[in-house]
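The values are calculated or read from the model by the stated rules, or taken from the named source; none is laboratory data. What you are looking at is a predicted structure, and each value in this text was computed from that prediction instead of being measured. Virtual Cβ from ideal backbone geometry, glycine too; neighbours counted across all protein chains shown. With ligands, DNA and RNA removed, areas are computed over all heavy atoms of the protein, side chains included. Shrake-Rupley method; radii C 1.70, N 1.55, O 1.52, S 1.80 Å.
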Amino acid sequence: MDAKTEMTGSAASTRVLSLAEVDLRPTGPVHPSPADWADQVLYFLLPDRFSDGREADRPLFNANDADASRPKSLSEWMKSGCSYQGGNIRGIEQKLDYLKGLGVTTLWIGPVWKQRADLETYHGYGVQDFLDVEPRLGTKQELRSLVDAAHARGMYVLLDVIYNHTGNNWFYDNNGAATDTMPYRAEPPYPFKGWRSKTGECVERITDPDDGVWPVELQNPEWYTRAGSIQNWDHPGKELAADAEFRRGDFGNLKDLELDKGEVLDGLIKAYQYWIAFSDCDGFRIDTVKHVPPEISAIFCHNVRSFARQIGKTNFLLLGEVTGAPSLVRNYVDPKGPNLDAVLDIESAPRRLGDMVKGLTPPAEFFDHFGGLDEMGDVRKIGRHHVSVLDDHDMVWRDGKHRFAWNNESGNGHLQNAHAVGVQLTTPGIPCIYYGTEQCFTGSESMHDESVEPREEGRVPMADRYVRESMFGGSFGAFATSGCHFFDPNHPTFLRIAAIARLRNREDGVGQALRRGELFVRETKAPEDEEQDFHGPKPGQVVAWSRIFEETAVIVTLNTHGLEPRSAEVTVDATLHPEGSSVRVLYRGDWDDDQLRRGKVTQTLPVTHYPGGRATVTVELPPAGMAILC
């Protein structure tokens, strides 16, 4: 087969098969970068699970009649979670107005790159062709159309990229037998057996675009470490070493690339430079960065960033997934360095956030993250170098795969879920909402029926599926449903997130304070306190913090008790709130739907001054309630 280009399909679109033929000229106008990514609200979705654009043909989920949407067979529902659901790129474009109404300003779209035709890697992280779009999701032109449509609405797009590994595209030689995986060994490289054909067989030669791997340069066994699958995912003592097992081994059966070789790294860089020029995307979320040495990551980031600047994207975002201890993460993101611009804050912060909101732990455990006292240093304190996360598609930080809203029997789950996102929107960092959170999805591996599908080595097989529900009406719908969709802009969680995001996105001092203001945790005094003095926040009480930017102070108060109302006197800045002044109520979680949509309620609270200079406001909140004041 000609390694240059091939005409495929009735539309005769050109498919690039070699890096030598890649055209790095932009395919259209280049959209400028945002001035500051700290101004953005991210929304992460998996293309296969989000929308197919045909929701009008299906009913909206009715929580009061959930049985009407139950599948005929629980076993079929479970099984379907491991395969493609049918979401696509066109569906995402059709939902841009829904997302804009939520307050989203940037889409983070899960990988759209071509996967193996014979495998169900619906998640997109098993790339078979780095220069093409997965046909089950759409076409290259549809990707460009989506990005253009987002830009027309004032939104930005991050594409999810992988350069640490490829898909399960070839076989090891295990004493003459072809096998997907081998146990890890440092040296020598395992022998190569053959390429995986489009039907999953081992073949010597690649004769079809669905065979093996593309572009053609990747059809070289010497481009892979061939060290077998990672067993030691942390390798204590070698966290920064290039030869650590977790940096040289395969990610399960996803084959590790030998990035120490310049031609391999250069090839992957060129592939993703191509996608910047073709799609006009605004940044990358980079997968499995921990498995790449920091110095290799820095080279990748420098070359991608430089290319983006050359074509007019002066602030192209490079956001990395770095799992592990803060001391490791800090080596990949430095406000003054050439590596990542920001990291996903996914190690301990999501757990601390969730526990604080539910009143399970002292709030200081969450807020201390922003003090620059741990090994992440000033990364969180600055607020533009970390992305805050509540839920995502992996849930690596939780014991068992489940969303934040799972197993909430308080009766106030919609409020608590919305206000957990509200904490993200009102504390330092770039907030990221995981798809379905705004509809209060409750996915959990506890939904797994072991009588249908037994555990494997003590674990629920493919447990990730349960937090990757279909949102548009596929066979693996949220809440164990099928055939109904969940795009409800009147959902109580959606309305509250949208109301808070509207404040954050404002151009005035309120918005500036919520996005860039300095964080101050406020002392409180509650009726249930035994002591008389003001004190730092306690679990199960009203927690309060301020964001102050220049002369504007925004005060956020949250009831961390999910079952009972709480009130408290909250300390405020006495200089910005002088004697005789009052604060306006910008948001309350117990407003009705119309008040939430309008966001304009004439309500004020008086400021009380004490001898000695303390100034306070008194708030009363329902269970899991939140109020925002200025």
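Applying the criterion of being in contact with a helix residue (DSSP H, G or I) (Cβ under 7 Å, 6 or more places away or on another chain) and not aliphatic (A, V, I, L, M) to the residues of region 268-283, the residue that is surrounded by the most Cβ atoms within 10 Å (Cβ to Cβ) is CYS281.
Note on region 44-76: among residues that are of a type in the set (A, V, I, L, M, F, W, C) and assigned to a loop (DSSP other than H, G, I, E, B), the one that is nearest to the chain's Cα centre (by Cα) is LEU46. Conditions first: (1) modelled with pLDDT of 95 or more; (2) surrounded by fewer than 20 Cβ atoms within 10 Å (Cβ to Cβ); (3) on the phi < 0 side of the Ramachandran plot. VAL554 passes all but one, so which condition is the exception? It fails just one condition, (2). From the list SER410, SER451, SER444, the one residue that fits, being surrounded by fewer than 19 Cβ atoms within 10 Å (Cβ to Cβ) and touching a residue at least 24 places away in the same chain (Cβ under 8 Å), is SER410. Looking at ARG597, is it assigned to a strand (DSSP E or B) and over 24 Å from PHE367 (Cβ atoms)? No.
Within region 158-213, the set of residues being among the polar types (S, T, N, Q) and either in a strand (DSSP E or B) or farther than 30 Å from VAL322 by Cβ (or both) comprises ASN174, ASN175, THR179, SER197, THR199, THR207. Picking from residues in region 243-267 that are assigned to a loop (DSSP other than H, G, I, E, B) and either open to solvent by less than 10 Å² (accessible area, probe 1.4 Å) or in contact with a Gly (Cβ under 7 Å, 6 or more places away or on another chain) (or both), the one that is nearest to ARG144 (Cα to Cα) is LYS255.
Applying the condition of being in contact with a Pro (Cβ under 8 Å, 6 or more places away or on another chain) and assigned to a loop (DSSP other than H, G, I, E, B) to region 609-626 and asking which residue is surrounded by the fewest Cβ atoms within 10 Å (Cβ to Cβ) yields PRO622. Does region 288-302 hold any residues that are open to solvent by 10 Å² or more (accessible area, probe 1.4 Å) and within 30 Å of GLY28 (Cα to Cα), and which are they? Within region 288-302, ALA298, ILE299, HIS302 qualify. Tell me, please, whether a residue that is among the hydroxyl-bearing types (Ser, Thr, Tyr) and touching a Lys or Arg at 6+ places or on another chain (Cβ under 8 Å) can be found in region 224-235. Yes.
Screening region 156-183 for residues that are in contact (Cβ under 8 Å) with a residue 60 or more places away in the chain and in contact with a Ser or Thr (Cβ under 6 Å, 6 or more places away or on another chain) and picking the one that is surrounded by the fewest Cβ atoms within 10 Å (Cβ to Cβ) gives THR181.
Of the listed requirements (1) modelled with pLDDT of 95 or more; (2) crowded, with 22+ Cβ neighbours inside 10 Å; (3) more than 15 Å from PRO350 (Cβ to Cβ), CYS432 misses just one: (3).
Considering only residues in region 506-524 that are over 24 Å from the mean Cα position of the chain (by Cα) and surrounded by fewer than 19 Cβ atoms within 10 Å (Cβ to Cβ), the one that is nearest to THR618 (Cα to Cα) turns out to be GLU523. Take the conditions (1) farther than 20 Å from PHE192 by Cβ; (2) touching a residue at least 40 places away in the same chain (Cβ under 8 Å); ARG226 misses just one of them, which is (1). Being open to solvent by less than 10 Å² (accessible area, probe 1.4 Å), more than 27 Å from ILE230 (Cβ to Cβ), of a type in the set (Phe, Trp, Tyr) and at pLDDT 95 or above is a property that PHE316 has. Scanning region 319-343 for residues that are open to solvent by 10 Å² or more (accessible area, probe 1.4 Å) and closer than 21 Å to THR106 by Cα turns up GLU321, ASP341. Residues in region 529-551 that are in contact with a Pro (Cβ under 6 Å, 6 or more places away or on another chain), part of a loop (DSSP other than H, G, I, E, B) and modelled with pLDDT of 95 or more: PRO539 alone. Just to check your reading of the model, which residue among GLU204, GLU222 is within 23 Å of GLY262 (Cα to Cα) and open to solvent by 10 Å² or more (accessible area, probe 1.4 Å)? None of the others qualify; the one that does is GLU222.
How about region 344-373: which of its residues are assigned to a helix (DSSP H, G or I) and open to solvent by less than 20 Å² (accessible area, probe 1.4 Å)?
ALA349, PRO350, LEU353, GLY354, MET356, VAL357, PHE366, PHE367, HIS369
When each of PHE278, PHE300, PHE284 is tested for being assigned to a strand (DSSP E or B) and either at negative phi or modelled with pLDDT of 95 or more (or both), the lone residue that passes is PHE284. Keeping to region 130-155, report how many residues are within 18 Å of THR105 (Cβ to Cβ) and open to solvent by less than 40 Å² (accessible area, probe 1.4 Å). Residues meeting the conditions: 6. Summed over region 59-96, residues that are open to solvent by less than 30 Å² (accessible area, probe 1.4 Å) and charged (D, E, K, R) total 1.
Among all positions in region 386-404, there is no residue which is open to solvent by 30 Å² or more (accessible area, probe 1.4 Å), more than 30 Å from ARG459 (Cβ to Cβ) and not in a helix (DSSP H, G or I). Filtered by the rule that a residue be part of a loop (DSSP other than H, G, I, E, B) and either open to solvent by 10 Å² or more (accessible area, probe 1.4 Å) or of a type in the set (Lys, Arg) (or both), region 104-122 gives THR105, ARG116, ALA117, ASP118, LEU119, GLU120, THR121, TYR122.
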